[in-house]
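Colleague: I have a structure here, written as C-alpha cells, and I will follow up with some questions on it.
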Amino acid sequence: MFDGLKNRLRQIQDQLGTTIEATAQVPEGAPSSPGNTSKDENKVKTRSDIGTEKNPNIISKVKVLITDREFVISEKDIESPLFELEMGLLESDVALPVTEEIISHIRNDLAGSRRKIGEPVDVIVIAALRDALLEVLGEGFDLVSYIRTHDRPVKILFTGVNGTGKTTTVAKIGAYLKKNGFSVVIGAGDTFRAGAIEQIDVHAMRLGIKVIQHQQGGDPSAVLFDAVQYANAHKIDVVLADTAGRFHNRANLMSQLEKIRRVMQPDLIVYVDEAVAGNDAVVRAFEFEKTVGADAVVLTKADMDSKGGAAISISHTIGKPLMFLGVGQGYDDIIPFSPRDVVDELLKEAA
C-alpha cells in the first residue's frame, strides 16, 4: 500500500541524511569523542600552571565541550532535498496545501536546529518526517469508542459519488460492528440505482443483518426514517444508511440528500471515495463537506493505491478525520485508520 510514496520518502530520507551527515563532519584535527583527544586537549591536561588539584573542574569542562560538540543545520543545507520532497509529494497526488504544510514543518524542525555530533542521522531525519506526516494526517476516528459513548441508536449516513464502493463499504462496516458486539440495521436508501437494493440485501443476508427497504424509485428519506424507527423499536445499536451515489454539482440529487439529512437526523455523515482517485477524491470530499457536511471519511481501494496522496491529504484539507481504509473485496478487508500505523508503514523500510 502506498509503495510509490514510500519509495519517495526513502529517497528523500537518504538525501537529507547525506546532507546532514556532511554538515556534521568534525573539522580536521578536532576531537569527536572523549577517547580521541587533540594536542590542544593534551596541553590543557598537562600545563603545570593549571594545577588539577587546585582547579579540579577545568578538565571536566574541557571534556564537556568536546563530548557535547554541536553542529547547526542551515536552511541552505536542506534546500535541495526539500525541493525534491516537494516534487515527490506532488507527483504522489498529495494536495498542494498539504505538501506545503509538510515542507514547512520539516524546514522549521531542521533549519537552524543545533544537533550533537554523533547523533544518528537517520534518527534526526525520520523524526522530522514522522512529525510532519502526523501533523497533516490528524487523529483518525475510533467508531467503536464513538458508539459506546453516545445514545443508541447511532445513526450513520453514507454519502459519496457513483462507483466508489459505498454500498460494499456499508456492508463491511456492518460486519466490523457486529464483530465488536453491536447490533446493526441497514437502511437501503439507494432507491435510484438499478440493482442497488438487491446488492445490499445479498450482503445483509450473508452477514445476518436486517435490511429495511422499499421498492426501487421510492423516496429514500422514507426508507431511512423507517430504518430509524425499526432501530428504536428493537433497541438496535447502529443504523447504517446507504444512499445513491451523486456528484456535488447535481443540484437535484444534493437537494435530495439534504432532505434525507433533515428526516434522518444522522449522528454521523461519512463520505466515501476511492483512494486511487487522488486529488479528485480530496476535491469532491471538500465539496460534499461544504454542501451537506461530513464528519469522517472512508477511502476504498487503498490497497490499489501506490501514490497515497488522498490518504495523506484528505483529513487536513477538509478538516475531518479518516475513519477506515478499504483494502480488498472481503467483508474483513477494512481497517480502522490509524495515523501512526500509516506513518510507520510509510517509513518502515527507511527506518
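The values are calculated or read from the model by the stated rules, or taken from the named source; none is laboratory data. Predicted model only: the values in this text are computed from it and were never measured. A quick note on method: Cβ atoms are made from the backbone with ideal geometry, for glycine too, and the neighbour counts reach across all protein chains shown. What goes into the accessible areas is simple: the full protein's heavy atoms, side chains included, and nothing from ligands, DNA or RNA. Shrake-Rupley method; radii C 1.70, N 1.55, O 1.52, S 1.80 Å.
Colleague: Could you list all residues from segment 297-308 that are among the small types (Gly, Ala, Ser) and crowded, with 22+ Cβ neighbours inside 10 Å?
Modeller: ALA302, GLY308, listed by residue number.
Colleague: Are any residues in segment 89-112 in a loop (DSSP other than H, G, I, E, B) and either open to solvent by 20 Å² or more (accessible area, probe 1.4 Å) or among the acidic types (Asp, Glu) (or both), and if so, which ones?
Modeller: Our first condition is that a residue be in a loop (DSSP other than H, G, I, E, B); within segment 89-112, this holds for 92-95, 111-112.
Scanning segment 89-112 gives ASP93, ALA111, GLY112.
Colleague: Evaluate the following for ALA111: is it in contact (Cβ under 8 Å) with a residue 60 or more places away in the chain and in contact with a Ser or Thr (Cβ under 7 Å, 6 or more places away or on another chain)?
Modeller: Numbers: in contact (Cβ under 8 Å) with a residue 60 or more places away in the chain: no; in contact with a Ser or Thr (Cβ under 7 Å, 6 or more places away or on another chain): yes.
Here the answer is no, as ALA111 does not meet what is asked.
Colleague: Got at least one residue in segment 145-153 being in contact with a Lys or Arg (Cβ under 7 Å, 6 or more places away or on another chain) and of a type in the set (Phe, Trp, Tyr)?
Modeller: Taking every residue of segment 145-153 in turn, none turns out to be in contact with a Lys or Arg (Cβ under 7 Å, 6 or more places away or on another chain) and of a type in the set (Phe, Trp, Tyr).
Colleague: If you don't mind, there's one more thing I want to ask. Under the condition of being modelled with pLDDT of 90 or more and either more than 25 Å from the chain's Cα centre (by Cα) or open to solvent by 50 Å² or more (accessible area, probe 1.4 Å) (or both), which residue from segment 244-276 is farthest from SER183 (Cα to Cα)? Let's see the steps before the verdict.
Modeller: Of segment 244-276, the ones modelled with pLDDT of 90 or more are 260-276.
Those left that are additionally either more than 25 Å from the chain's Cα centre (by Cα) or open to solvent by 50 Å² or more (accessible area, probe 1.4 Å) (or both): 260-265, 267, 276.
Numbers: ILE260: 23, ARG261: 22, ARG262: 24, VAL263: 22, MET264: 19, GLN265: 20, ASP267: 16, VAL276: 32 Å.
Per the stated criteria, the residue is VAL276.
Colleague: Which one is farthest from the chain's Cα centre (by Cα) among residues in segment 226-243 that are open to solvent by 20 Å² or more (accessible area, probe 1.4 Å) and among the aliphatic types (A, V, I, L, M)?
Modeller: Of everything passing the filter in segment 226-243, ALA233 is farthest from the chain's Cα centre (by Cα).
Colleague: Report, by residue number, each residue of segment 127-148 that is closer than 17 Å to THR99 by Cα and surrounded by 16 or more Cβ atoms within 10 Å (Cβ to Cβ). I'd like the intermediate steps shown before the answer.
Modeller: So in segment 127-148, the residues closer than 17 Å to THR99 by Cα come out as 128-138.
If the condition is that a residue be closer than 17 Å to THR99 by Cα and surrounded by 16 or more Cβ atoms within 10 Å (Cβ to Cβ), then ALA128, LEU129, ARG130, ALA132, LEU133, VAL136, LEU137, GLY138 are the ones that fit.
Colleague: Among the residues of segment 327-351, count how many are at pLDDT 90 or above and in contact with a Lys or Arg (Cβ under 6 Å, 6 or more places away or on another chain).
Modeller: The qualifying residues number 3.
Colleague: If a residue must be under 23 Å from GLN256 (Cα atoms) and at pLDDT 90 or above, how many such residues does segment 286-319 contain?
Modeller: Taking segment 286-319 and keeping what is under 23 Å from GLN256 (Cα atoms), we get 286-298, 318.
Imposing the further condition that a residue be at pLDDT 90 or above reduces the set to 294-298, 318.
Number of matching residues: 6.
Colleague: Got a sec? Which of VAL223, VAL211 is surrounded by 18 or more Cβ atoms within 10 Å (Cβ to Cβ), over 33 Å from the mean Cα position of the chain (by Cα) and without any contact (Cβ under 8 Å) to a residue 40 or more places away in the chain? Spell out how you get there, then give the answer.
Modeller: Numbers: VAL211 fails: over 33 Å from the mean Cα position of the chain (by Cα).
Sole residue among the options that is surrounded by 18 or more Cβ atoms within 10 Å (Cβ to Cβ), over 33 Å from the mean Cα position of the chain (by Cα) and without any contact (Cβ under 8 Å) to a residue 40 or more places away in the chain: VAL223.
Colleague: Still on this model: Quick one: how many residues across segment 154-206 are assigned to a helix (DSSP H, G or I) and open to solvent by 30 Å² or more (accessible area, probe 1.4 Å)?
Modeller: Residues of segment 154-206 that are assigned to a helix (DSSP H, G or I), as a first pass: 166-179, 196-206.
Narrowing the set further to residues that are open to solvent by 30 Å² or more (accessible area, probe 1.4 Å) leaves 168, 176, 178-179, 198-199, 201-202, 205-206.
Total satisfying the criteria: 10.
Colleague: Looking only at segment 280-294, how many residues end up being open to solvent by 10 Å² or more (accessible area, probe 1.4 Å) and without any contact (Cβ under 8 Å) to a residue 60 or more places away in the chain? Let's see the steps before the verdict.
Modeller: Within segment 280-294, the subset open to solvent by 10 Å² or more (accessible area, probe 1.4 Å) is 280, 283-284, 286-287, 289-291, 293.
Keeping just the survivors that are without any contact (Cβ under 8 Å) to a residue 60 or more places away in the chain gives 280, 283, 286-287, 289-291, 293.
Here the count works out to 8.
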